[in-house]
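Peer 1: Once you've had a glance at the structure underneath, I'll fire off some questions.
The values are calculated or read from the model by the stated rules, or taken from the named source; none is laboratory data. This one's a predicted model, so the numbers in the text were calculated from it and none came from an experiment. Heads up, the Cβs are rebuilt from the backbone with ideal geometry, glycines too, and the neighbour counts pull from every protein chain shown. Remember, those area values only see protein heavy atoms, side chains included, never the ligands or the DNA or RNA. Shrake-Rupley method; radii C 1.70, N 1.55, O 1.52, S 1.80 Å.
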Amino acid sequence: MTDVRAEVAALLARFDLETVDPVEFLGARFDAGLAWVHFPVGRGGLDRPRDEQQVVEQLLAEAGAPAPDLGRNSIGIGMAAPTLIAFGTPEQQDRYLRPLFTCEEIWCQLFSEPGAGSDLAGVATKAVLDGDTWIVNGQKVWTSGAQNAQRAILVARTDPTVVKHAGLSYFVVDMADPGVDVRPLRQITGEAEFNEVFLNDVRVPDADRVGAVGAGWRVATTTLNNERVAIGSGAEREAGQIGIVTERWRNDPSVRSSAEHDRLMSWWVETEVTRLAGERLRQQLAVGQPGPESSAMKLAFAQQAQQISGFALELDPDAGLQYDDWTMVRTVSASFLGRGPGFRYLRAKGNSIEGGTSEIMRNVVSERVLGLPADHRPDKGVPFNEVPR
Amino acid sequence: MTDLLYSDVEESLRSSVRGALGRVTDSARVAALYDDPDADTSAVWSAVAGDLGLAGLLVPGEWGGVGAGAREVAVVLEELGRTVAPVPFLESAVIATTALLELESDVVASLADGGQRGVLVLPWSARAGAWTATEGGAVTPVAGALGADLFLVPTLVGGTVQLVLHESATVDPITSLDMSRPLAAVTPTGEGRVLAKGDAAVAAVDAALAAGAALLASEQVGLAQWCLETTVEYAKTRVQFARPIGSFQAIKHRLADLYLEVAQAQAAARYAADTLATGDADAPVAQAVAQSYCSDVAVHAAEEALQLHGGIGMTWEHAIHLYLKRAKSDQLALGTPAAHRADLAGLVDLPQH
Ligand SMILES: Cc1cc2nc3c(=O)[nH]c(=O)nc-3n(C[C@H](O)[C@H](O)[C@H](O)COP(=O)(O)OP(=O)(O)OC[C@H]3O[C@@H](n4cnc5c(N)ncnc54)[C@H](O)[C@@H]3O)c2cc1C
């Protein structure tokens, strides 16, 4: 049996961390099976239980080793990679996982459309097979990081004559294709983290289809469950927005008041129990894929991020009245916590929308965890092209 | 990170406790206590303490106990919470027992086999670091005193706290919000025997109250789980407007939120139990977090259960009121949520001023 601690030590011994090139180090880390220890040997993993990944992350962080830039490639690392492992062909895994992990290739997610957000299974972007190549046409929207991406995961309709969930397929798209047109969409923060993406006769080789034709919904569900785990995670106490507020409270007596104190402690307790519940979920998932329970964690995370970032403005009203910079820029590395308190407050508003809205999270929990009856759906059992819209 | 799951041994303990409780108590018998507080509930104590030998879970083998730990006790309390069982397990087998264990007093042997019941004579709202020893007269309201044999009385003598063991007391029942955990005014009688004085006595009482608070969280989790499960089942079967009410989003979303709360409460309670069991340095934080959070979740679960059942939830006949009364009492017991948050602030260096 491999001991991941020994593997980490062996990896670290090979490099001078002061001078090492991050891409080189991350490549070596991937080859050593320490990218995702629960992945197969040769594909960035060691076939170890999922929970050992935390040990690896901790040891590497303590050593100060270069880490993948999640601000640029959270979609690749948190969502595309687990989906490719679950559904990709060996060739796809060999081709995509390593450069994804080293961040030589940045990924984005072409799921949402103007007419299909929460109702993702209603996407209208079409993919039509021509020989061994799919020709893709349609419009995607809210595509985070498309301006930086070399690759994308795409959900498109391959059969409009069956019910909406059954007619979808899942693809990997080369963003350098001349038919891909990325245009920035400015957000309430002033910057453009997301885009609209027009797909005009984009050519996708059939070899880049992930999962069977018509199985796109199942594949996309794996992506989304992983997205919810990724958004809702944070293994350290006082991580995220609460940490910013507690640091301020400790270091600056001028922001303290009895009126705010119990609110502060309530948020402290809320974030701590979410951390513990997330940890408990991870222990349950030591083997296996994230399930619908992760939607509850995402719900908690969004509530807390929004409430605590608002509370932070109230703690220091004079600072809260100001904003750091409204200049329109296209985000290079996204972060919920970067920049000033006003940015954090505004950016957190997206937390209950991106990756599935909080209302959808409650639907998922109530139907898939608690087993309550499904909502009334007029399009149930109706072929996609016969649904009135 | 500590293990927040349940071991196979813990799960099999759970099923034997659940089986035993199913034979000796049910909601009708609990409801009867409100009209007849003297109704005989001794079968519950006999089943839990005697037949299953659980009164000695925390007590090492050399004193006649089982030598298990707080994690196992927590599982028992989850089951007691699920049934709002009328049994002073927390009061005797956790709180009084912990005080005696802290003092390494061999008196604990008489509690370990369930033959006698002990009670720490303090108001039920007391918490570690926030209680007052009696200077004589009645102590009120005390939980677990009715039917107790050994009274551990924190007593102030000449400015020093002593922990005094009395074998008799006048116990006057009090009409309680939660009659499944009836309270009493307790006036110790007889000479009593001093078990500890000064810091040792204070430390024993604090440890007992801390263990009680940490593990009360598990009772609250069990109670909240019952409320959630019962309400989910009801929402699936109750039909209005030609649909199960559980297909209305207004109801689904409230139950989804409640699921989240209960899942978080469970994690917090597991963490409190585990850190108590291992003597982890983080145990005081874990206890304060668990009490602050689980107390409110249990109350909210019972309140949601009542509302989502409609009129039937308001009846004496339905069991929900028994859970609401226990949940609200538990929230006030062993320190309110706000009091625990104030303690927490000190522990994590977030001063009020
Ligand atoms: C910052 C940010 C980044 C994003 N990044 C990406 C990305 O990279 N790639 C990508 O594909 N998408 C991305 N999205 C899109 C995101 O997934 C969608 O915005 C989201 O799924 C909601 O879809 P919608 O905007 O069409 O809103 P709608 O679905 O129209 O929802 C509008 C309102 O109706 C509610 N609602 C809808 N259906 C129901 C229902 N059944 N029950 C109850 N309420 C309902 C919603 O909760 C919401 O409040 C991003 C969004 C944001 C805000």
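Peer 1: What size of dipole, in debye to the nearest 20, comes out for segment A:232-389 about its Cα centre when the only charges are +1 on Lys and Arg C-beta atoms and -1 on Asp and Glu C-beta atoms?
Peer 2: About 380 debye.
Peer 1: Using a 1.4 Å probe over the heavy atoms of the protein chains, calculate the carbon and sulfur portion of the accessible area of segment A:83-239 as a whole percent.
Peer 2: The nonpolar share, carbon plus sulfur, comes to 51 percent.
Peer 1: Follow-up question, since we're still on this one. Rank A:121, A:372, A:92 by how far each Cα sits towards the positive end of the charge dipole of chain A (+1 on Lys, Arg Cβ; -1 on Asp, Glu Cβ) and give me just the farthest.
Peer 2: Working it through, the farthest residue towards the positive pole turns out to be A:372.
Peer 1: OK, next. Quote the charge dipole size of the protein assembly as shown about the Cα centre in Debye, to the nearest 20; the model charges only the Cβ of Lys and Arg (+1) and of Asp and Glu (-1).
Peer 2: 1900 debye
Peer 1: Between segment A:180-216 and segment A:38-56, how many Å separate their Cα centres?
Peer 2: Using only Cα atoms, the two centres lie 30 Å from each other.
Peer 1: Convert each backbone phi in segment A:52-69 into a coupling constant with the Karplus relation 6.51 cos²θ - 1.76 cosθ + 1.60 (shift: θ = phi - 60°), then list the ³J(HN,Hα) values in order as whole Hz, x for Gly and Pro.
Peer 2: Result, rounded to whole Hz: 6, 4, 4, 4, 4, 4, 5, 4, 5, 5, 4, 6, x, 6, x, 10, x, 7.
Peer 1: List the relative contact order of segment A:219-369 as a percent without decimals, with contacts defined as Cα pairs under 8 Å and 6+ residues apart.
Peer 2: Answer for segment A:219-369 is 31 percent.
Peer 1: Given a 1.4 Å probe and the protein chains all in place, what does the accessible area of residue A:249 round to, in Å² to the nearest 10?
Peer 2: Residue A:249 exposes around 0 Å² with every protein chain in place.
Peer 1: Now for a different question. Can you give the local net charge around residue A:309? Use residues other than it whose beta-carbon is closer than 11 angstrom to its beta-carbon, Lys and Arg +1, Asp and Glu -1.
Peer 2: Net of charged neighbours comes to +2.
Peer 1: With the cut-off at 1.5 for a/c, could you classify segment B:213-284 from its C-alpha gyration tensor as rounded, prolate or oblate?
Peer 2: Note, shape of segment B:213-284 comes out prolate.
Peer 1: Which whole number gives the average, over all residues in B:243-250, of C-beta atoms from other chains lying within 10 Å of the residue C-beta?
Peer 2: Average per residue, whole number: 4.
Peer 1: Moving to a separate point now. For the Cα atoms of chain B, what angle does the longest principal axis make with the long axis of helix B:70-82, in degrees from 0 to 90, nearest 10?
Peer 2: Value to nearest ten degrees: 50.
Peer 1: Which listed residue (B:87, B:141, B:294) has the Cα farthest towards the positive end of the charge dipole for chain B, taking +1 on Lys and Arg C-beta and -1 on Asp and Glu C-beta about the Cα centre?
Peer 2: Value: B:294.
Peer 1: Follow-up. Calculate I(q)/I(0) for the protein assembly as shown by the Debye formula, one identical point scatterer on each C-alpha and no solvent, and give its log10 at q = 0.06, 0.09 Å⁻¹ to two decimals.
Peer 2: -0.44, -0.91
Peer 1: With every protein chain left in place, what is the accessible area of residue B:34 in Å² (1.4 Å probe, nearest 10)?
Peer 2: 40 Å²
Peer 1: Note down the accessible area of residue A:165, probe 1.4 Å, to the nearest 10 Å².
Peer 2: Its accessible surface works out to 80 Å², give or take rounding.
Peer 1: Report the one residue of A:30, A:13, A:65 whose Cα lies farthest in the direction of the positive end of the charge dipole of segment A:4-67 (charges on C-beta: Lys and Arg +1, Asp and Glu -1; origin at the Cα centre).
Peer 2: Result: A:30, furthest along the dipole toward the positive end.
Peer 1: Under a Cβ-only charge scheme (Lys and Arg +1, Asp and Glu -1), can you give me the dipole magnitude of chain B about the Cα centre, in debye to the nearest 20?
Peer 2: Charge dipole of chain B: 1020 debye, to the nearest 20.
Peer 1: If one computes the Cα centroid of segment B:283-346 and of segment B:24-48, what distance in Å separates the two points?
Peer 2: With segment B:283-346 and segment B:24-48 each reduced to a Cα centre, they are spaced 22 Å.
Peer 1: Under the definition of Cα pairs under 8 Å and six or more residues apart, what whole-number percent is the relative contact order of chain A?
Peer 2: Once normalised by length, the contact order is 15 percent.
Peer 1: Can you tell me which of A:306-318, A:361-373, B:195-207 comes out highest on packing, and rank the rest after it, using the mean Cβ neighbours within 10 Å?
Peer 2: Per-residue Cβ counts within 10 Å, averaged per peptide and sorted highest first, yield A:361-373, B:195-207, A:306-318.
Peer 1: Could I ask something else about it? Given a Förster radius of 35 Å and the C-beta distance between residue B:23 and residue B:314 as r, what FRET efficiency does 1/(1 + (r/R0)^6) yield to the nearest 0.05?
Peer 2: 0.75
Peer 1: When ligands, DNA and RNA are left out and all protein chains stay put, how many square angstrom of accessible area per residue does the protein assembly as shown have with a 1.4 Å probe?
Peer 2: Each residue of the protein assembly as shown exposes 40 Å² on average to a 1.4 Å probe.
Peer 1: Something else about it: Give the interface area between chains B and A as buried accessible surface, both sides summed, probe 1.4 Å, in Å² to the nearest 100.
Peer 2: Chains B and A together bury roughly 3800 Å² of accessible area.
Peer 1: Quick one: if the Förster radius is 25 Å, what FRET efficiency do residue A:218 and residue A:353 give, using the C-beta to C-beta distance and rounding to 0.05?
Peer 2: The formula returns an efficiency of 0.55 here.
Peer 1: Residue-wise, which Karplus ³J(HN,Hα) couplings in Hz belong to segment A:346-351, taking 6.51 cos²θ - 1.76 cosθ + 1.60, θ = phi - 60°, and x for glycine or proline?
Peer 2: Along segment A:346-351, the couplings run 6, 5, 5, 4, x, 5 Hz.
Peer 1: Sticking with this one: Excluding residue B:264 itself, calculate the net charge of residues whose Cβ lies under 10 Å from the Cβ of residue B:264, where each Lys or Arg counts +1 and each Asp or Glu counts -1.
Peer 2: With Lys, Arg at +1 and Asp, Glu at -1, the net is -1.
Peer 1: Quote the Stokes-Einstein diffusion coefficient, in whole µm² s⁻¹, for segment A:41-119, based on the Kirkwood radius over alpha carbon pairs, a temperature of 20 °C and a viscosity of 1.002 mPa s.
Peer 2: 150 µm²/s
Peer 1: Ok, one more. I'd like the carbon and sulfur percentage of the solvent accessible area for segment B:186-231, probe radius 1.4 Å, heavy atoms only, ligands and nucleic acids excluded.
Peer 2: Ligands and nucleic acids excluded, carbon and sulfur reach 52 percent.
Peer 1: Could you tell me how many degrees, from 0 to 90 and to the nearest 10, lie between the Cα long axis of helix B:8-24 and the main elongation axis, the longest principal axis, of the Cα atoms of chain B?
Peer 2: With both axes taken from Cα atoms, the answer is about 80 degrees.
Peer 1: Trypsin sites (Lys or Arg not before Pro) within segment A:1-107: which are DSSP loop residues with at most 14 other Cβ atoms inside 10 Å?
Peer 2: A:14
Peer 1: Counting other Cβ atoms within 10 Å, keep those with at most 14, restrict to DSSP loop, and tell me which GluC sites (Glu not before Pro) in segment B:67-113 are left.
Peer 2: Taking segment B:67-113 and a limit of 14 other Cβ atoms within 10 Å, the loop GluC sites (Glu not before Pro) found are B:104.
Peer 1: Under 10 Å from the Cβ of residue B:328, count the other residues' Cβ atoms, weight Lys and Arg +1, Asp and Glu -1, and hand me the total.
Peer 2: Cβ neighbours under 10 Å give a net charge of -1.
Peer 1: Ok, one more. Rounded to whole Hz and in sequence order, give me ³J(HN,Hα) for segment A:209-220 from the Karplus expression 6.51 cos²θ - 1.76 cosθ + 1.60, θ = phi - 60°, writing x for Gly and Pro.
Peer 2: For segment A:209-220, the Karplus-derived couplings read 7, 9, x, 5, 4, x, 9, x, 5, 4, 5, 5 Hz, x marking Gly and Pro.
Peer 1: Kindly provide the chymotrypsin sites (Phe, Trp or Tyr not before Pro) of segment B:278-353 that DSSP labels as loop, not H, G, I, E or B, and whose Cβ sees at most 12 other Cβ atoms within 10 Å.
Peer 2: Qualifying residues, ordered by number: B:316.
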